[in-house]
Amino acid sequence: MNFIIDFDKHYPDSKTITLHRNYRSTQNILDSANRLIQYNPDRLDKDLLSHKAAGDAVVFSNLDDEHDEAYWIARQIKRLHDEGVSYLDMAILYRSNYLSRTLEKVFMNLNIPYIIYGGLRFYDRQEIKDVMSYLRMVSHGDDLALRRSIATPRRGIGEKTLDKYFEKAKNENVTIYEAMKTDDSASKRIKDYVNMIESFKKFYEENGSIESLIYKILEDSGLRKAFEKAEEIERLENVKALIGEAKEFQDNTGEGIAEYVQMVSLYGDREEVLDGEYIRLMTIHAAKGLEFDTVFLMGMNDGIFPNRNSVLESKHGITEERRLAYVAITRAMHRLFVSSNAGFNYVMSQRNKPSRFIKEMEHKETVHDVRGIRQSESPDKRYMKKFQRKLSLRPADVVVHDDFGEGIVLKVDTDTVKIAFNHPFGTKTIMRNFSGLRLKGDLT
């Protein structure tokens, strides 16, 4: 980059021709990009001018938590789609892969078709399947979970050994794990694996916390070391997001590991959209060179974007992050929505605050969508108020739960509501003030 900036110093006879005209984005979008990049030092002075009109204002919104942010995005998408904008003309960009999790669940609950462009859906990612295989072993010990957990990390137990236990299990009409557990002549490696799984089961029976169990699995199984050795920071971020989800699931539902495994299976087993209309979800890096009529830039929180690790690891980190934000903004042709949230971030272990880039992007034509958000209140007060409101419900109402999906209200009490959810969850009693419960069709 310095070579380009200092090019005329190295070649004094050269002539610089600045290309100001932009044929992709409206002027309001370009004004946000121009304002942002001005904060980078040692840059070539260039402001883009649009070949188009000013266009729609860039819209910013800071929501209460990641669930509200996802529903806010879904609400804008539904409105635009009803107005005739194709799903194919809309894209959602984010700095880190783990941010797709909540959005994917909301889209599945609301039947909004989507694909992960250039990547995998959250529950299809290798590290998520690895951790879930251990949770499934603790929950019910199915054969597929055993084969995955016994091979990740590798334990020196080969296919011939597994085939032997498969035959033993078939003859005894038990699972492979039960066949291993009852084999007095098992090898040390098999016994070590069985002892590890039994220790996880005992830990959960005594502790009852899925969050704590996952941390123990990461340490005792060797998964954490495997991720760190491979410098797989992104995989660790995804696992931390899963831990946060597990904690919220238990805190909000009071359910245990069997129900959590069922919930993940329900979302993970849904078929991926392969044709027709769909929205593309992708990282900003994957979006380079692409353009869309409408872009949603989500997760605009300090530490996420600009990325905390990038800023700490390099003196030019913030400059590079700002250039990446510039790329994200200029993917939009006609509409740009920028969102952040004030919820707790389990990956960074802190409450979110809006990205510094939002302030840098603002200009006189930008708009802040503050519907339902009390800007005068602190994030903590706004967060607690979510748990003070009670949803107005009646028997036979159709509702959508963030984890259990669609259900029908059977009975409403003062503080709780009894709901019959679709298979495999069945009937459950939910607190009426749970923020992840909404009437079907209500995206507020």
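Computed from Cα positions, the angle between helix 126-139 and the longest principal axis of the chain comes to roughly 30 degrees. Distance from the alpha carbon centroid of the range 125-176 to that of the range 400-444 works out to 34 angstrom. Applied to the range 156-163, the Karplus parametrisation 6.51 cos²θ - 1.76 cosθ + 1.60 on θ = phi - 60° returns per-residue 3J(HN,Hα) values of x, 9, x, 5, 4, 5, 5, 4 Hz, with x for Gly and Pro. Charges were assigned to the Cβ only: +1 to each Lys and Arg, -1 to each Asp and Glu. The resulting dipole of the chain about its Cα centre is roughly 480 debye.
When you restrict to C-alpha pairs under 8 Å that are six or more residues apart and normalise by the size of the range 398-439, the relative contact order lands at 37 percent. Contact order, relative form, for the chain: 25 percent (alpha carbon pairs under 8 Å, 6 or more residues apart, mean separation divided by residue count). Panel order for T294, T182, by other beta carbons found within 10 Å of each beta carbon, from fewest to most: T182, T294.
Scanning residues 5 or more positions from E406 or on other chains, those with amide H under 5 Å from its amide H are H401, N422, with H placed 1.01 Å from N in the peptide plane. Angle of helix 233-253 to the longest C-alpha principal axis of the chain, folded into 0 to 90 degrees and rounded to 10: 70°.
For the chain, DSSP calls about 45 percent of its internal beta bridges antiparallel. What angle, in degrees between 0 and 90 and rounded to the nearest 10, separates the Cα long axis of helix 27-37 from the longest principal axis of the Cα atoms of the chain? With rounding to tens, the tilt is 80 degrees. Packing here is the average count of other Cβ atoms within 10 Å per residue, and on that basis the peptides 238-248, 120-130, highest first, run 238-248, 120-130.
No value in this document is a laboratory result; all are computed from the given coordinates. Note that this is a predicted model, so its numbers are computed, not measured. Reconstructed Cβ throughout: ideal geometry from the backbone, glycine too, with neighbour counts over all protein chains shown.
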